Every structure is written in C-alpha cells, then in structure tokens.
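The values are calculated or read from the model by the stated rules, or taken from the named source; none is laboratory data. This structure is a prediction, so every number in the text was calculated from the model and none was measured. Here Cβ is always computed from backbone atoms with ideal geometry, including for glycine, and neighbour counts include all displayed protein chains.
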Amino acid sequence: MLLDLIYVALFAVAFPLWDYLVYWPAFQRQLQVDPAGARKRLWTAASIWPWVLVAIGAALWMANGRSWASFGFSVPHGWRLWTSLALLLLVVAYYVYATAAVARSADARASVLRNETLTIVMPHTRAELHRWNGVALTAGFCEEFLYRGYFIWVFAPWLGWWGAAALSVAFFATGHAYQGWKGVLHTGIVGALFALVVATFDSLWPAIALHAAVDLGSGAIAWLALREEQAAQVEAAP
C-alpha cells in the first residue's frame, strides 16, 4: 500500500506541480515566439507522459496479483450496458450539433474565442486537430485510469468510495490550475460527472468513452472557431 500511495502522490501531486510551476510557464514563453511549435511540444508531452504513468500503475497492479475487475475494468451488463451506450450516443449527438452550430454561426465562433486559455492550447489547423485527437484519446483513457481508477481504489478503504471519489475530483481539478480558477471549476464539475458515471455503471469503460468523446468534440469545436483566426494571421503576415 505504501508504493500505491507514492504512486498516487506522483501523478496527483508531483506531476501537476511540475506542470504548474515549470512546464506551463515554459510553454507560455515559447508561445510568444513559436505558437505552433509550443502547442506541438505540449501535446507531445500530453500524449506520452500519461501513458508512462499508466504503465507504472499497471505494472504495480499486476505485480501485486490484483484483479482488473476490482479496478473497474469490467464491461457493464444489462441496463448498465444499454444506458451507457445511450448516454455516449447522446453526448456524441450533442457535439455533432454543437460543431454544426459553430460552423454556421459567427456569433458561436466568437463565443468560443472568448476563452483565452482555450485559444492557446486548442488546435488551430487541420494538422493540429489530428494531433489533438491523439491527446484526447490519451486523456480519455489515462486520466480515468489514474483518477477514477487508481486514486479511488487507494483511498476507498479509508474514506469510503464516495469520499475517495470526492477527493479524486479535488485533485483532478487542482491539477488543471494552469487554466485559472474557471478552468479548475469546470474541470472539477466534469470530473465529478465522470465519477458519477463510474459509480452508476460500476465500470471505468463508459467514463473512458465519454471522456474521450468530450475531448474530441471540444477539439473539433475549437478548431472550427480558431481556423479562421489562423487564416487571418497567415494572410496578414508579411
């Protein structure tokens, strides 16, 4: 259990602190001279390090001979399966509708551009969108593995499942402190919803699928809004 606590401290405390104190300031400095290069570097790190952390956790889990079903990697059955599929389809339908609205409406695109953090970390070009999709799929699996899987499992014996889930949401939200307090609040709400999904369906898979769908949809919406700004910048360049 000591190694489990050290592992949780690594991904829930040490890495977020590194991101906030070192990596994010470095990203912002590079952004001033090479925005596209800064985003590429950021997404490369976001596509590699979460898998490294998951690999460490998986190795630790298997070394102790634990069941993956007890971790949350069980497929829902009966009403849980069909309800989770319906929920996923509903989320996908929402993002299809939202992307269509952003594509049609200048006002909708302008509302997306009001989020300053969004405009610097989200995809501006089609090539960036493809890279972002890899980040989205990584986040969908890895963040659920880490926060709704390992974190809750470690603390549930002391806090109960719901207490551990609440604590995981708090750490998940503060891990996005580089986005400002609005980003922390938004991330906390989303994390709480994913925890509720895990509790309802007794499985990580629906939360993984929903998390990936949300990030993929958000990337598409941002790209539709930001590509015009990118094109204008290219035309204005000498």
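Annotations
- Segment 192-204 - residue that is touching an Asp or Glu at 6+ places or on another chain (Cβ under 9 Å) and either at positive phi or not β-branched (V, I, T) (or both) and, of those, surrounded by the most Cβ atoms within 10 Å (Cβ to Cβ): F194
- Only listed residue being of a type in the set (D, E, K, R) and modelled with pLDDT under 95, chosen from R80, R109: R109
- Residue check, V22 modelled with pLDDT of 95 or more, assigned to a helix (DSSP H, G or I) and either more than 14 Å from the chain's Cα centre (by Cα) or under 24 Å from V154 (Cβ atoms) (or both): no
- Residues located in segment 141-180, provided they are closer than 22 Å to W49 by Cα, of a type outside the set (D, E, K, R) and touching a Leu at 6+ places or on another chain (Cβ under 8 Å): C142, F145, L146, G149, F151, V154, A173
- Of the set (1) in a helix (DSSP H, G or I); (2) over 28 Å from Y7 (Cα atoms); (3) within 16 Å of the chain's Cα centre (by Cα), all apply to P123 but (1).
- Among residues of segment 7-30 being of a type in the set (V, I, T) and surrounded by 12 or more Cβ atoms within 10 Å (Cβ to Cβ), the one that is nearest to A127 (Cα to Cα) is V13.
- Candidates A69, A156, A127 - the one that is at pLDDT 95 or above and more than 14 Å from A209 (Cβ to Cβ): A156
- Among residues of segment 159-179 that are within 22 Å of L118 (Cβ to Cβ), none has a Cβ under 6 angstrom from a residue that is among the small types (G, A, S) and surrounded by fewer than 16 Cβ atoms within 10 Å (Cβ to Cβ) at a sequence gap of 6+ or on a separate chain.
- Flag if A213 is small (G, A, S), assigned to a helix (DSSP H, G or I) and over 30 Å from A100 (Cα atoms): no
- Boolean, L10 is assigned to a helix (DSSP H, G or I) and either modelled with pLDDT of 95 or more or touching a Ser or Thr at 6+ places or on another chain (Cβ under 6 Å) (or both): yes
- Test: residue in segment 132-139 that is within 19 Å of the chain's Cα centre (by Cα), modelled with pLDDT of 95 or more and over 16 Å from A46 (Cβ atoms): no
- Top-ranked residue of segment 31-76 - restricted to ones that are β-branched (V, I, T) and assigned to a helix (DSSP H, G or I), ranked as surrounded by the fewest Cβ atoms within 10 Å (Cβ to Cβ): V33
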